[in-house]
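Asks: Sharing a structure here in structure tokens format.
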Amino acid sequence: MTKNKRTLIMGIGNYLMGDEGIGVHIANLLEQEQLPEGVDVLDGGTGGFYLLEYFEMYDHVILVDATLDGNETGTIRLIKPRFAQDFPPAMSTHDIGLKDLVSALQVLGKMPEIDLFVVSIASVQQQGIELTPEIESIVPHLIDEIKSLLVKIGLPEIEPHLIT
């Protein structure tokens, strides 16, 4: 499998579990945006090892995921994980899958550049596709941060996200 010089934005999470699905919500919104050529978006859901091929195909992967890290709900952090232990200590319901995925990429020598946006959530809600008001309110800011990162890595500037 040949890597391309493209960037992948991958939303991780379970869409059916409230705020835990923030990554998937962001991926769905970004798919509707006019992104620069060379940027792809993927709803990674809770794919775990099934996502390995995407990490092998891209030189740069931007992940968006929820975390139960004890920070104030809605806190957005950008992490540059190089090893499994670089992930926040309390990732949400798919914790083991992402950490194991990163470990596998390292063993295979196929680790792309990874940027991880984590959003602090209060809890994993059961059975619901709606985001809480606290998380819903940070969505435009998170999208703007992702777009700013794309500009930082040398891609054309994109219009800021407007709430409609």
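Asks: Using a simple spin-label model with points 7 Å from Cα along the Cα→Cβ vector, what separation in nm is obtained for residue 107 and residue 52?
Replies: Result for the modelled spin labels: 0.8 nm.
Asks: Assuming 0.36 nm per residue, please report the length gained on full extension of the stretch residue 6 to residue 144 beyond their Cα-Cα distance. Walk me through the numbers on the way to the answer.
Replies: Working: separation 138, 0.36 × 138 = 49.68 nm, distance 1.96 nm.
Length gained between residue 6 and residue 144: 47.7 nm.
Asks: Could you calculate the FRET efficiency of residue 75 with residue 28 from 1/(1 + (r/R0)^6), where r is the beta carbon distance between them and R0 is 25 Å, rounded to 0.05?
Replies: Rounded to the nearest 0.05, the efficiency is 0.70.
Asks: Using 0.36 nm per residue of separation minus the Cα-Cα distance, give me the extension gain between residue 16 and residue 151 in nm, one decimal.
Replies: Separation in residues times 0.36 nm, less the Cα-Cα distance, equals 45.4 nm.
Asks: Turning to a different aspect of this structure: Computing the accessible area with a 1.4 Å probe over protein heavy atoms, can you report the carbon and sulfur percentage for the stretch 1-74?
Replies: Ligands and nucleic acids excluded, carbon and sulfur reach 46 percent.
Asks: Could you do me a favour and compute the accessible area per residue for the stretch 1-62, 1.4 Å probe, result in Å²? It would help to have the intermediate numbers written out before the result.
Replies: Details: 2790 Å² over 62 residues.
On a per-residue basis, the stretch 1-62 sits at 45 Å².
Asks: Okay, moving on. How much length, in nm to one decimal, is gained on full extension between residue 59 and residue 134, taken as 0.36 nm per residue of separation minus their Cα-Cα distance?
Replies: Between residue 59 and residue 134, full extension yields an extra 23.7 nm.
The values are calculated or read from the model by the stated rules, or taken from the named source; none is laboratory data. Keep in mind the model is a prediction, meaning the values are calculated, not measured. Glycine gets a Cβ as well: all are built from the backbone with ideal geometry, and neighbour counts include every protein chain shown. These accessible areas exclude ligands, DNA and RNA; they are computed on the full protein's heavy atoms, side chains included. Shrake-Rupley method; radii C 1.70, N 1.55, O 1.52, S 1.80 Å.
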